[in-house]
């Protein structure tokens, strides 16, 4: 496949003679061909107009048609998996194995969404039958279901060039919902995006859907994103990235003449609470697993455990000592971009002024280009609570130990935390049973509460919640991973007293799709009448 | 029952020697005792703190406990229905019959929410069981359900002193969800609010729930609302009222350090499209029914049909002529407040400069205090689209006829409309079958699409959607009426690998509540294992 370095405006490719930017191999610093041109104003406008035109026919497509699109995108991605993974590796420095995992994740995710479209019950159809004899007033026939919002702008994230990018969770959920997607490519992996976009556009053409169902636009700086979020035809925004970037988009979306939903998955430091029986059993093993978790993917997961609450208990000294040793013996780890590497150096420098740097990898000062040496910091609960900067996320292989005066102080510590994607407890059954109050508090602070596993794994499934109270996400009522993520891009529409033949199939008396519906308050797959 | 004119801070009553304002009988202009004191800063703060303290125990209360609360509130309201309706009549000028209907509506609504709490399936529990042998990675046990957001501020509306006020849809939905409510009373019916608040607080005490589950605060001006919406402990806002007021609250909620969901149900002009076969059959009967609908409740429904699209067709002349006659022969109608009466005079005066006033009630200039004479306006589609002010809502007994060049232009007319609560078509089955495209467009513009009924009736049921794209509501993804309204005040929380006994009952293996759950992608009420 030949890479062109041009945007996708529907199935057309962008013009632009100039190469505004290049992918960079973070492991070598090498510039990767081809150069990428920024989408021009007219190209942005055309992409949005195509999406607006595609909105009605795509919304009218059946669940089975949309499922076929998702399955075909997955098949197309499978077919290019090898060059895709190689290019993503070159652009991100992430391991081939990790990127193979991401490929399996996005194709599995597309197929999971296809399966709920094929079943069809996800539209939450509700039918209140007419009660013509009711006193004092008859009840009309009321039938409602979820319908797509319209064109969605999706921003790719740098840290998962496949899983949270071009055909990632946001795109899959929006397409599943029936919303055209205008994708703003992340400039850190432009060619990876191009390969995926070709797979998507080929699937759209093969399924004879309108080309405006998907566009991908390249741009540096803020102008492209700003133009898209403010465009009157855009009806929702999905973003994964920094708190500053996410909040700026939220404010922009809220400032529009018509405010629109803006889903930003931003920052989380993922508190982890260590309980005594577990620690006493195997302090060094726990240190080993924690080290593996906060350095996984070089610590560039939004679910990295970044705050480790512990207290003096049996095994605690051995745990801390072993963790220090692991960090001190670690090798520098590759980061995704020079920008992330620079931020890591700056933020760990600032952290060292507020907390004790209790361990750092050997030869920290001589890490190769775009690599980071693991760092371990330590503070007390009192100091942590007095210094809000210590609760901020640092992307990269570092975490912060927080020594608490006693177990009872965990509840107070949890209650003072900001919103989080995850909160974790490590303990035996007895440990956990003694922490009901802590669990309840953590459930108000995080989208996911975990026992005895590290939060870095985010399963794509029906029950997953990857979101949480602000600033973890813009809106705690939604998740960006798992099949619940489709709820972000739909709204309920009620039809009153329409002739049966004019209703969406999901609401017709005969229930031709055989979906689960709430009929007069009872869930059933039966037909009516 | 003795009225005190004081706020409710939980079960305590506010201090304040002064009577800052009084209810006014709009039919007579008479001042109604007692005077009402504004909540002081410390009272506002105490009410929010009580709500924050109540949040955890109220969230932990079982569905059955919360259902018992709602049923007891309903019973308490039934017990005071007679004085309640009388006082609401005195404060609003609405008929006793209408207010009896509102009372039945709110008690029925509380009981409907109680019924879904008693079933329990509304939390949308999802369980993905562990797959320890899955390759390449095991799947952990993931279980999620909907949990309450925390304290909600509810603003009462003036036009439904019972149905959209103190124990109205927003309060009922928030309490059902498990969120404490801080209610900002509408100053147009302060004593009605006081009677209802007593019923609520007595129910809270009888059910031994924390008093902070409900407070009611009185205030004039914007300060009370502003303080509440900006309070860090407040987690959501619900409002029914003007577009200006609603947008101000949306902007305020979005400007907070932690932005929060803000549900504002604002303005809608409820387009209605007249189709030929129906009109030909009975033009005068249709005119009669339309007149009854836009003058119902003196035209103070947010679902009043305010834009009537028609075209020259058999019966059209007779329809328009009869409608003019009905308006010309109408008597002035009482409005809710002097402020609404003043706005009606001003806005109909402005409208007369932009559209033809084709009929007005006799003696329009001599309407009694706080009454409005019905007015009928007429314009062409071209002029309507050239003059955006014609698409604005006017509260009161008036509507606007829009003559379209032909039937085909209806789709274009609909496509240019702002978001609406409702959109209505009047036609025979054949008429409607010819308008599939129009129906599809209207489904993107409105929360509810209606055939052959006037939109003013808003059923409280499972399938109802009372909401719509902005500016009808702040967020088209939610409804403020019907059991779907509970979705506004909850967020999903996922528990990973927690011991069964520590999970919420809804997620435990045995399914002790017998609720419908999605287990590994299949809906079932069965236990696991």
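In table form, for the structure just shown:
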| read-out | value |
| --- | --- |
| Among residues of the range A:25-49, those that are crowded, with 23+ Cβ neighbours inside 10 Å, more than 19 Å from residue A:222 (Cβ to Cβ) and at pLDDT 95 or above, counted | 0 |
| Residue satisfying condition, being assigned to a loop (DSSP other than H, G, I, E, B), in contact with a helix residue (DSSP H, G or I) (Cβ under 8 Å, 6 or more places away or on another chain) and under 29 Å from residue A:206 (Cα atoms), within set A:54, A:39, A:74 | A:39 |
| Residue in the range A:202-225 that is touching a strand residue (DSSP E or B) at 6+ places or on another chain (Cβ under 6 Å) and modelled with pLDDT under 95 present | yes |
| Answer from B:271, B:232, B:283 - the residue that is closer than 14 Å to residue B:393 by Cβ and either within 14 Å of chain A (Cβ to nearest Cβ) or at pLDDT 95 or above (or both) | B:271 |
| Options A:202, A:208; residue that is over 17 Å from residue A:43 (Cα atoms), free of Cβ contacts under 8 Å to residues at least 60 places away in the same chain and surrounded by fewer than 24 Cβ atoms within 10 Å (Cβ to Cβ) | A:208 |
| Of all residues making up the range A:101-136, the number that are at the interface with another protein chain (Cβ under 8 Å from one of its Cβ atoms), over 16 Å from residue A:66 (Cβ atoms) and in contact with a strand residue (DSSP E or B) (Cβ under 9 Å, 6 or more places away or on another chain) | 3 |
| Of all residues in the range A:57-66 being part of a helix (DSSP H, G or I) and within 14 Å of chain B (Cβ to nearest Cβ), the one that is nearest to residue A:162 (Cα to Cα) | A:58 |
| Verdict on residue B:482 being over 19 Å from residue B:126 (Cα atoms), crowded, with 22+ Cβ neighbours inside 10 Å, in contact with a strand residue (DSSP E or B) (Cβ under 6 Å, 6 or more places away or on another chain) and more than 8 Å from chain A (Cβ to nearest Cβ) | no |
| Residue in the range A:363-370 that is touching a strand residue (DSSP E or B) at 6+ places or on another chain (Cβ under 7 Å), modelled with pLDDT under 95, in the same structural domain as residue A:292 (by TED's automatic domain parsing) and over 29 Å from residue A:416 (Cβ atoms) present | yes |
| Residue within the range B:138-152 that is within 14 Å of another protein chain (Cβ to nearest Cβ), at positive phi and either out of contact with any strand residue (DSSP E or B) (no Cβ under 9 Å at 6 or more places or on another chain) or surrounded by fewer than 20 Cβ atoms within 10 Å (Cβ to Cβ) (or both) present | no |
| Test: residue in the range B:231-239 that is under 18 Å from the mean Cα position of the chain (by Cα), farther than 18 Å from residue B:54 by Cβ and in contact (Cβ under 8 Å) with a residue 60 or more places away in the chain | yes |
| Hey, residue A:382 in a helix (DSSP H, G or I), assigned by TED's automatic domain parsing to the domain that holds residue A:316, more than 25 Å from residue A:242 (Cβ to Cβ) and over 28 Å from the mean Cα position of the chain (by Cα) or not | yes |
| All strands (runs of 3 or more DSSP E) inside the range B:396-474 with 2 or more residues being modelled with pLDDT of 95 or more and at the interface with another protein chain (Cβ under 10 Å from one of its Cβ atoms) | B:420-426, B:446-451 |
| Odd one out for residue A:249 among (1) closer than 30 Å to residue A:491 by Cα; (2) surrounded by fewer than 17 Cβ atoms within 10 Å (Cβ to Cβ) | (2) |
| The range B:491-506: number of residues that are more than 7 Å from chain A (Cβ to nearest Cβ) and either in contact (Cβ under 8 Å) with a residue 40 or more places away in the chain or not in a helix (DSSP H, G or I) (or both) | 4 |
| Count of residues meeting criterion [buried (at least 16 other Cβ atoms within 10 Å of the Cβ) and either touching a helix residue (DSSP H, G or I) at 6+ places or on another chain (Cβ under 7 Å) or part of a loop (DSSP other than H, G, I, E, B) (or both)] in the range A:12-23 | 4 |
| Unmet requirement for residue B:292, which otherwise passes all of (1) surrounded by fewer than 18 Cβ atoms within 10 Å (Cβ to Cβ); (2) outside any loop (DSSP other than H, G, I, E, B); (3) at pLDDT below 95 | (3) |
| Enumeration of residues in the range B:515-529 that are within 32 Å of the chain's Cα centre (by Cα) and either away from chain A (no Cβ under 11 Å) or free of Cβ contacts under 8 Å to residues at least 60 places away in the same chain (or both) | B:523 |
| Residue within the range A:97-109 that is crowded, with 20+ Cβ neighbours inside 10 Å, over 15 Å from residue A:195 (Cβ atoms) and assigned by TED's automatic domain parsing to the domain that holds residue A:185 present | yes |
| Residues of the range A:295-315 satisfying the condition of being assigned to a loop (DSSP other than H, G, I, E, B) and closer than 30 Å to residue A:241 by Cβ | A:295, A:300, A:301, A:302, A:303, A:304, A:305, A:306 |
| Where residue A:202 falls short, out of the listed (1) under 30 Å from residue A:335 (Cβ atoms); (2) away from every other protein chain (no Cβ under 14 Å) | (1) |
| Any hit, the range A:440-456, residues being touching a strand residue (DSSP E or B) at 6+ places or on another chain (Cβ under 8 Å) and on the phi > 0 side of the Ramachandran plot | yes |
| Condition broken by residue A:412, with the remaining ones in (1) surrounded by fewer than 21 Cβ atoms within 10 Å (Cβ to Cβ); (2) closer than 22 Å to residue A:300 by Cβ satisfied | (2) |
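The values are calculated or read from the model by the stated rules, or taken from the named source; none is laboratory data. The structure presented is a predicted model; accordingly, all values stated were derived computationally and were not measured. Methodologically, a virtual Cβ is constructed for each residue, glycine included, from the backbone with ideal geometry; neighbour enumeration extends over all protein chains shown.
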